[in-house]
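Below: one structure, written as structure tokens.
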Amino acid sequence: MRRTDGRVVLFTEQAVAVFEAARRHDADVRSWTVDRAAWLRLAASVGAPEVRRKKLATAAPSAAVVEASRDLYVAAAERTVKAARRDRRWVVVAEVRRAEAAALHRDAGSPVPPSETLVALHREGTAAVLRSLVAMGPEAELVSAGCCPACRADDGLVVKIAAELRDPRLPHAGCPKGLCACDWWIAVAQPRSTRRRRRQPRSTPADSGGQAE
């Protein structure tokens, strides 16, 4: 006995295997369709060729089509980053690399800790953020996403950009999200407080115990 389309259906023992296989295939097709669309949207965002995208979009959904859509996105992202890095468009490098790291992390099942490859992609994006801030000042401030104690502990931390590029701390090790969403902003110098010395009142004869004339 199985339920389908709101109805209870009785199957012979031999027909059950066929029914279950068909139901698994339908579920796979729905999953492949969603995943393909997600990868093709990302591919479009980094300028993947439209002809390639349309061909994959109209193909019958399958695991191979999903993999090809992902590969198209990764290849287009690599080309975009390479061109942006050459032109020192660090904001573009940061956006593409961090989006790529996040997408591949989700596709891998969001492992904690993430693989070294994913950490490297995320760090390349974070380094690009820091390089984009150099023109505005030598220091950056960490803005925590509040993911975990490790992320919250560094909130507001001000560092030298050159030092952070040599020894990056993001993504935070041990963050339960794997690739934490903490970010760098330009550090704003705090105004120095200027204290005025209070002027001492002049003493009068009355203050010193004398009498005024």
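For region 84-96, state whether one or more residues are open to solvent by less than 90 Å² (accessible area, probe 1.4 Å), modelled with pLDDT under 95, farther than 30 Å from residue 66 by Cα and not in a strand (DSSP E or B).
No; the residues of region 84-96 include none that is open to solvent by less than 90 Å² (accessible area, probe 1.4 Å), modelled with pLDDT under 95, farther than 30 Å from residue 66 by Cα and not in a strand (DSSP E or B).
Can you tell me which residues in region 68-77 are surrounded by fewer than 20 Cβ atoms within 10 Å (Cβ to Cβ) and under 18 Å from the mean Cα position of the chain (by Cα)?
The answer is 74, and nothing else.
So, residue 80, is that one modelled with pLDDT of 95 or more, within 30 Å of residue 184 (Cβ to Cβ) and more than 16 Å from the chain's Cα centre (by Cα) or not?
In short, yes.
The values are calculated or read from the model by the stated rules, or taken from the named source; none is laboratory data. It should be emphasised that the depicted structure is a prediction, and the values quoted were computed from it without experimental measurement. Heads up, the Cβs are rebuilt from the backbone with ideal geometry, glycines too, and the neighbour counts pull from every protein chain shown. Please note that ligands, DNA and RNA were not included when accessible areas were found on the heavy atoms of the full protein model with its side chains. Shrake-Rupley method; radii C 1.70, N 1.55, O 1.52, S 1.80 Å.
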